[in-house]
Amino acid sequence: MVKLTIVGRVSDGLPLAQGPRYMIEENNNFLFYKQQAEFILKEISKGALAHSKMTIHIDHHCFNHLVDNGIIFIILCDSSYPRKLAFHYLQDLQKEFEKFDNRLIEKITRPYSFVKFDSIIGNIRRQYIDTRTQANLSKLNANKKQDVDIVTKHISEILERRQNAEISDRIFVSPQTVSSIWSSPRLEVIALKWTPITTIVVVAVVLLWASLVLTDHIIIS
């Protein structure tokens, strides 16, 4: 069964809506899987997961996601739940989401604040609880080649790739550390404050030296 649903925005990885909780929250399981879903959402927004349809295995569950028109639909299911039904569920969510004005979606700034869609998620999910209904059996039997274009990975692969990317970023940035210190705003303020004073002192020293040399020249003459 579908245990978790999150809808997010590709441009910034912001989670917009979520369905009701359907997981026993022992040992913070719900929070853990929700954090993993948000991680996947961020990876998609960064372009690290380029496929519009994916299945990502984690423990005895799997995430399925669909990306369409700048919106990400992610669900968590039992591994035994039919993947074809999972993607029919995602497509139903996508069709309902299309009915909303894009300008409204773009104005959302707080996570999970698009509560209008929460109830829609709940209504669609109820249609997919029983996989043996006539409607769901028809979906399972139709177009049996539908799963061919769905990429499958394990969450560990994605986590490892993110860690490697962060290590590479640190190696790339570290040689610039010295130069970045000298271009800091604090040093800019110090330079602006003391440069005129230093210039005046140098000029005064030069004039004093010149006057002494001139005086010695006159005395010798």
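Observations, loosely collected:
- Cα-based shape type of region 1-156, given that a ≥ b ≥ c are square roots of the gyration tensor eigenvalues and the cut on a/c is 1.5: rounded
- Modelled spin labels at Glu157 and Ser211, positioned 7 Å past Cα toward Cβ, are 8.1 nm from each other.
- Val205 contributes an accessible area of around 90 Å² to the protein surface, as traced by a 1.4 Å probe with all chains present.
- Applying 0.36 nm per residue to the separation of Ser52 and Arg110 and subtracting their alpha-carbon distance, the gain on full extension is 18.4 nm.
- Surrounding net charge for Leu137, when Lys and Arg each add one and Asp and Glu each subtract one, Cβ distance under 12 Å: +2
- Prolate is the label for region 66-113, because the ratio a/c of its alpha-carbon gyration tensor axes (a ≥ b ≥ c) is 1.5 or higher and a/b is greater than b/c.
- Calculated from backbone phi, Karplus (6.51, -1.76, 1.60) coupling profile of region 98-103 in Hz, x at Gly/Pro: 4, 6, 8, 5, 4, 5
- Here region 1-158 has 50 percent of its accessible surface on carbon and sulfur atoms, given a 1.4 Å probe and all protein chains in place.
- Ordering of 86-93, 121-128 by burial proxy (mean other Cβ atoms within 10 Å per residue, highest first): 86-93, 121-128
- If you take all other residues with their beta carbon under 13 Å from the beta carbon of His61, and give Lys and Arg +1 and Asp and Glu -1, the sum is +1.
- Relative contact order (%) - region 26-159, alpha-carbon pairs under 8 angstrom, separation at least six: 26
- For Glu96, Glu43, the ranking by accessible surface with the largest value first comes to Glu96, Glu43, using a 1.4 Å probe.
The values are calculated or read from the model by the stated rules, or taken from the named source; none is laboratory data. Predicted, not measured: the structure shown is a model, and the values here were computed from it. FYI the Cβ positions are ideal-geometry reconstructions off the backbone, even for glycines, and counts take in every protein chain you see. Each accessible area value is taken on the protein alone, full model and side chains, heavy atoms only, with ligands, DNA and RNA left out. Shrake-Rupley method; radii C 1.70, N 1.55, O 1.52, S 1.80 Å.
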